[in-house]
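Since the structure comes first, as structure tokens, the remarks are kept for the end.
The values are calculated or read from the model by the stated rules, or taken from the named source; none is laboratory data. In this text the structure is predicted, and so the values were computed from the model without any measurement. FYI the Cβ positions are ideal-geometry reconstructions off the backbone, even for glycines, and counts take in every protein chain you see.
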Amino acid sequence: MKLDTRTNRLIGRAMHDYKMLADQDLVLVAVSGGIDSLVLLNILKNWQLKAPIKYELLAVHLDMGFGKAEPKLIAGQLDRLGVDYLLETTDIGAKALAEDNGRGGCFHCTRRRRKRLFEIAEEKNFTKIALGHHKEDIIETFFINMMYGGNLSTMVPRQDLFGGKLALIRPMAYLEKKAIRQAGADWGVEPVANPCPLSDKSKRQEVRKLLESIYREDEAVKSTIFSALANLKPDYLLKNKI
């Protein structure tokens, strides 16, 4: 199944703009079980067939330890796609929920999950970790950092780490969620529900609802905000004296 022309072009542009893949890359694909990460895996698997470079994929799913059946359901998706994968059971979620009386669960879970992915990448000599974040995620992260972190920053399509030994890449950075859902439907992807009890109570959900209310008034605002993230004017920001 091929991607539609526009979606394919946006993925190619993001990969080119940020030089996401190189010949002989070993790519760890972080698979949560949601539509985004499963579509990303499908994209990278399909691009292997046409790319002028050679790279290897390993899908990694970290079971957060919520006692649900999602690892088995995710394994079925990965078996159908025919990719190598690693499923690892952890207690990351349970420990995160216990932090700060549950108030900082999302922060601690994200930090610990990312740390474990870094460890696996180092153990297996991976050069890239591919994440399924998209256009709306990048915008939401900017607003979360501004509103709750007191800084102007967001996640970037490529982030080099550890002196360049490893890079985080986000091939779907230019895609909107609706394009990802359409690709998932075309490919028959069956996302697995997030078992985290805080999945609908996070700061990200609050910001998402706020932004969606703005988009309903004017859909073009989404692309304008996204463009603004690459159009910084430091002379019109406050000096760091507050």
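A few remarks follow.
- Residue in the stretch 30-49 that is at pLDDT below 95 and surrounded by fewer than 12 Cβ atoms within 10 Å (Cβ to Cβ) present: yes
- Hits in the stretch 51-97 - residues which are β-branched (V, I, T) and surrounded by fewer than 18 Cβ atoms within 10 Å (Cβ to Cβ): I53, T89, T90
Quick grid of which residues meet (1) surrounded by 12 or more Cβ atoms within 10 Å (Cβ to Cβ); (2) among the small types (G, A, S):
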| site | (1), (2) |
| --- | --- |
| F162 | no, no |
| K177 | yes, no |
| R181 | yes, no |
| G184 | yes, yes |
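- Scanning the stretch 183-206 for residues that are over 17 Å from the mean Cα position of the chain (by Cα), assigned to a helix (DSSP H, G or I) and either over 25 Å from V27 (Cα atoms) or touching a residue at least 40 places away in the same chain (Cβ under 8 Å) (or both) gives D186, W187, E206.
- Taking every residue in the stretch 79-98 that is farther than 21 Å from L28 by Cβ and in contact (Cβ under 8 Å) with a residue 60 or more places away in the chain and pairing it with any residue that is of a type outside the set (A, V, I, L, M, F, W, C) and buried (at least 16 other Cβ atoms within 10 Å of the Cβ), at least 6 positions away or on another chain, the pairs with Cβ-Cβ distances below 9 Å are L97/G105; L97/H108.
- Matching residues, the stretch 15-24, being assigned to a loop (DSSP other than H, G, I, E, B) and at negative phi: Y18, M20, L21, A22, D23
- Here E212 meets the list (1) more than 20 Å from the chain's Cα centre (by Cα); (2) among the charged types (D, E, K, R); (3) closer than 17 Å to D36 by Cβ; (4) at pLDDT 95 or above almost entirely, failing just condition (1).
- Filter pass, D23 being without any contact (Cβ under 8 Å) to a residue 40 or more places away in the chain and surrounded by fewer than 20 Cβ atoms within 10 Å (Cβ to Cβ): yes
- Filtered by the rule that a residue be hydroxyl-bearing (S, T, Y) and closer than 16 Å to A96 by Cβ, the stretch 197-220 gives S199, S202.
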